[in-house]
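Visitor: Once you've had a glance at the structure underneath, I'll fire off some questions.
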Amino acid sequence: MSLAKKCDRCEKFYEHYPIGNPGAYNAIIKIKRGLDGTIDFYGPTIDLCPDCMASFERFMKEGKK
């Protein structure tokens, strides 16, 4: 049995990310941090293919100068 993954950004089907790479992630989710440090998940999980995740990583790094 296979697991079909579809990117929520570009809608491309992709294979599951390689197992055994603990630094790899394949989804993002917004969080809401409370004044006391508590964290609540806010909104749906967004699955991204490797290409869109790489684009997201570049976008996040551009803001850190």
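Visitor: Which of (1) open to solvent by 70 Å² or more (accessible area, probe 1.4 Å); (2) aromatic (Phe, Trp, Tyr); (3) modelled with pLDDT of 85 or more does residue 14 not meet, given it meets every other one?
Guide: (1)
Visitor: Let me ask something additional. Filter segment 39-54 down to the residues that are exposed (fewer than 14 other Cβ atoms within 10 Å of the Cβ) and assigned to a helix (DSSP H, G or I) and list them by number. Let's see the steps before the verdict.
Guide: Within segment 39-54, the first condition is being exposed (fewer than 14 other Cβ atoms within 10 Å of the Cβ), and the residues that meet it are 39-45, 51, 54.
Within segment 39-54, 51, 54 meet the criteria.
Visitor: Further, regarding this structure: For segment 17-38, how many residues are under 15 Å from residue 56 (Cβ atoms), at pLDDT 80 or above and open to solvent by 90 Å² or more (accessible area, probe 1.4 Å)? Give the derivation first.
Guide: Taking segment 17-38 and keeping what is under 15 Å from residue 56 (Cβ atoms), we get 17, 23-30.
Next, only the ones that are at pLDDT 80 or above stay: 26-30.
Keeping just the survivors that are open to solvent by 90 Å² or more (accessible area, probe 1.4 Å) gives 30.
Number satisfying all stated conditions: 1.
The values are calculated or read from the model by the stated rules, or taken from the named source; none is laboratory data. What you see is a predicted model; the values in this text were computed from it and never measured. Note that we place each Cβ from the backbone using ideal geometry, even for glycine, and neighbour counts take in every protein chain shown. Ligands, DNA and RNA are excluded from the accessible area calculation, which covers all protein heavy atoms including side chains. Shrake-Rupley method; radii C 1.70, N 1.55, O 1.52, S 1.80 Å.
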